[in-house]
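Reading through the structure tokens given below for one structure.
Bear in mind that the values in this text are calculations on the coordinates, not laboratory data. Just so it is clear, the model here is predicted, and its values are computed rather than measured. Cβ placement follows ideal geometry from the backbone for every residue including glycine, while neighbour counts extend to all protein chains displayed.
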Amino acid sequence: LGGSITRALQQMSNATVIDEEVLNDCLIEISRALLQSDVQFNLVQDMQTNINNIVNLEDLAAGHDKSKIIEEAVFNELCKMLDPGKSSFVPEKGKTSVVMFVGLQGSGKTTTCTKYAHYYQKKGWKPALVCADTFRAGAFDQLMQNATNAEIPFYGSYMESDPVKIAVEGVERFTEENRDLIIVDTSGRHKQEAALFEEMRQVFEATKPDLVIFVIDSSIGQAAFDQAQAFKQSVAVGAVTITKMDGHVKGGGSLSAVAATKSPVIFIGTGEHMDEFEVFEVKPFVSRLLGFSSELMPKGLEKVKRYMTIMDSMTNEELDSSNPELMNESRMMQIARGSGCLVREVLDMMEYYKRCAKLWSKVKGLLKYRRRVT
Ligand code: GDP
Ligand code: MG
């Protein structure tokens, strides 16, 4: 999506004279790219109209950089599409907040619940997980396993079939324990169906969550708008999390979810692992989408950049050591802290190091050179 829009903008700015026709062609190309990415038709149409209204080529004095103005308008309109204009409820550390996750089966709720809990736990919060999914066999096992891996307290039952009862008991228990973030995972269904929405409403009424987070799979496509709207109509959705942003997706459909729920996207999931979870911010996301900033680095390069930060925390001797595996654990933790990375990443780096020792010797040389000159 980003690539096609960027190309359209590029073509526009290459034109010798930027007139209405060039602008129109550019907007048609952008609209096509958005529609192909499953952004809802009405949203695309609005965007086109808005840009046409904002960019008034005839009124622009000769000195103006027209392509820049158009680029900015496109950027702002894309941001507007993703920005409902209001923020969601923000939990407060030390107070008890209840957050309920809803979404279709397979959208990534259970995974996202754990990621969300883990994200806050890393910041020193005391989260807890409640499994109110009694519909899917194995749901409790899955949550229990995730929670155990992340060392997060959990509540659920193999025997109880009433999700409302479990949700209430879990929330009560963790409120008594002064947990500051009680996360309620709910069941989904394959389709949007009345039974699911009824169950959701009941859990909502019984637990009175401070925030309902709607989880949507980024590959959902055209169906996203209707799906998001159906959830919003059944329960007070306050925020959106988009999952599977790492896959080969069109992604645009999930952007429509923002418009449908009038709620901000707060996180995105970028993989199955607990740490593959990012805070979502509109402007950096759109910049990245359009390739406006250096943030648009291929994943591999990003990794190298991160590894370089880690290496920056190592001494020259450690860099020289031909066998980084000899480094002890406490030193490893020290390096992780020093570089703001996880120990896992330090380990990954070393694994990587072993595989490409030759390349790294060059990087090391560069680093040491930089240390000499700075
Ligand atoms: P639920 O039915 O809504 O609770 O969905 P689950 O949490 O069980 O997730 C369904 C599948 O999607 C699982 O295989 C997850 O590992 C996978 N999944 C969830 N989030 C992501 C993500 O951000 N990226 C990728 N690649 N897979 C994900
Ligand atoms: Mg689940």
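Taking the chain as a Gaussian network, where each spring joins two C-alpha atoms under 10 Å apart, which residue of GLY247, GLY188, GLY63 fluctuates the most?
GLY63
If a/c stays under 1.5 just call it rounded; otherwise compare a/b with b/c (prolate if a/b is bigger, oblate if not). Do that for the chain, with a ≥ b ≥ c from the square roots of the Cα gyration tensor eigenvalues.
Oblate.
Between VAL55, VAL258, VAL99, where does the largest GNM mean-square fluctuation fall for the chain, given springs only between Cα atoms within less than 10 Å?
Of VAL55, VAL258, VAL99, the most mobile in the Gaussian network model is VAL55.
Full-extension gain between GLN202 and ASP275, please, as 0.36 nm times their residue separation minus the C-alpha to C-alpha distance.
23.1 nm
Please give every one of the aspartates and glutamates within straight-line cross-link reach of LYS115, meaning a C-alpha to C-alpha distance under 14 Å, and leave out same-chain neighbours fewer than 8 residues apart.
Candidates past the 8-residue exclusion: GLU151, ASP185, GLU272, ASP275, GLU276, GLU278.
Between their Cα atoms, which of LYS86/LYS165; LYS122/LYS191; LYS109/LYS283; LYS262/LYS283; LYS95/LYS165; LYS86/LYS244 are more than 27 Å away from each other?
Over 27 Å Cα-Cα: LYS86/LYS165; LYS122/LYS191.
Just to be sure I understand: with springs between alpha-carbon atoms less than 10 Å apart, which residue in LYS232, LYS115, LYS68 has the highest mean-square fluctuation in the Gaussian network model of the chain?
Maximum fluctuation in the GNM of the chain, among the listed residues, is at LYS68.
In nm, what is the difference between 0.36 nm times the number of residues separating ASP141 and MET327 and their Cα-Cα distance?
63.2 nm
MET200: net charge of surrounding residues, Cβ under 13 Å, Lys/Arg +1, Asp/Glu -1, itself excluded?
Neighbour charge sum, excluding MET200 itself: -2.
Can you order the peptides 220-230, 304-314 by their average number of other Cβ atoms within 10 Å per residue, highest first?
Highest mean packing first, the order is 220-230, 304-314.
Any chance you could check the Cα centroid distance between the stretch 202-254 and the stretch 122-153 for me, in angstrom?
20
May I ask you to derive the FRET efficiency for ALA195 and THR175 from their Cβ-Cβ distance with R0 = 25 Å, giving the value to the nearest 0.05?
In this case the efficiency is close to 0.30.
May I ask for the equivalent-ellipsoid semi-axes of the stretch 97-281, computed as the square root of five times each C-alpha gyration tensor eigenvalue and listed largest first in whole Å?
Three semi-axes, in Å: 24, 19, 15.
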